[in-house]
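Undergrad: Supplied in structure tokens, the structure appears directly below.
The values are calculated or read from the model by the stated rules, or taken from the named source; none is laboratory data. Everything numeric in this text was worked out from a predicted model, so none of it was measured. Note: ideal-geometry Cβ built from the backbone for every residue, glycine included; neighbour counts use all protein chains shown. Just the protein is used for accessible areas: all its heavy atoms, side chains included, with ligands, DNA and RNA removed. Shrake-Rupley method; radii C 1.70, N 1.55, O 1.52, S 1.80 Å.
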Amino acid sequence: MSYTVIPMESIHIPQVAALEKVCFGSHWSPTNFYKELDNERCHYYVTLDADRVLGYLGYWQILEEAHITAVGVEPELRQKRLSQRMLCHMLDHCIEANIQWITLEVKASNIAAQKLYEKFNFAVMGRRKNYYQAEKEDALIMWTEKITDPQYQEMLIQRKKECNYVPERSA
């Protein structure tokens, strides 16, 4: 399968919202995604196979930090390293933007996602009780170390090799 990671555009939102519903039971509506695209602090990427959205990742940039807001991948394509590729793509852009740290919340029960984030040196730094209110589930708060440090950069090179990540060329 050949696919690319590109910035999300409004044309992708219907597919992203449908994928959001499959992955998370529709936490976000299409309107939420349109608002995110209008916000200069928000950055979203999609993984495409031709015109089909296979996955998406979003984050907010707040000064020297990025807060990952969403990562979703088609269920039948999980374990194919699409999330890993999107994280590599995001991290390249964060480093270019002089972002120093990345944070996120993840369901306490989502062990697969936690393991992915741990591969990128995220560590649990706290817990938000009942953060996911519909499910009455806690969120773990995870943070990276400083992503511009040489040891983090070495780890990132290894993660890129594992998923055959090649940065997209700018036109």
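Undergrad: Scan region 5-28 and tell me whether some residue there is in a strand (DSSP E or B) and surrounded by fewer than 18 Cβ atoms within 10 Å (Cβ to Cβ). Please lay out each step first, then the result.
TA: Step one: of region 5-28, the residues in a strand (DSSP E or B) are 5-7.
Restricting the remaining residues to those that are surrounded by fewer than 18 Cβ atoms within 10 Å (Cβ to Cβ) gives 6-7.
Checking region 5-28: at least one residue is in a strand (DSSP E or B) and surrounded by fewer than 18 Cβ atoms within 10 Å (Cβ to Cβ).
Undergrad: Something else about it: For residues that are in a loop (DSSP other than H, G, I, E, B), under 17 Å from L91 (Cα atoms) and open to solvent by 70 Å² or more (accessible area, probe 1.4 Å), scanning just region 112-171, find the one that is modelled with the highest pLDDT. Step through it out loud before you land on a result.
TA: Start the filter on region 112-171 by keeping residues that are in a loop (DSSP other than H, G, I, E, B), which leaves 120-122, 133-136, 144-149, 163-171.
Adding the requirement that they be under 17 Å from L91 (Cα atoms) leaves 120-122, 144-149, 163-170.
Next, only the ones that are open to solvent by 70 Å² or more (accessible area, probe 1.4 Å) stay: 146, 164, 166, 168-170.
Values: K146: 97, N164: 87, V166: 82, E168: 69, R169: 56, S170: 49.
This residue is K146.
Undergrad: Same structure again: Among the residues of region 90-101, write down those that are open to solvent by less than 10 Å² (accessible area, probe 1.4 Å) and not aliphatic (A, V, I, L, M).
TA: Within region 90-101, just C94 meets the criteria.
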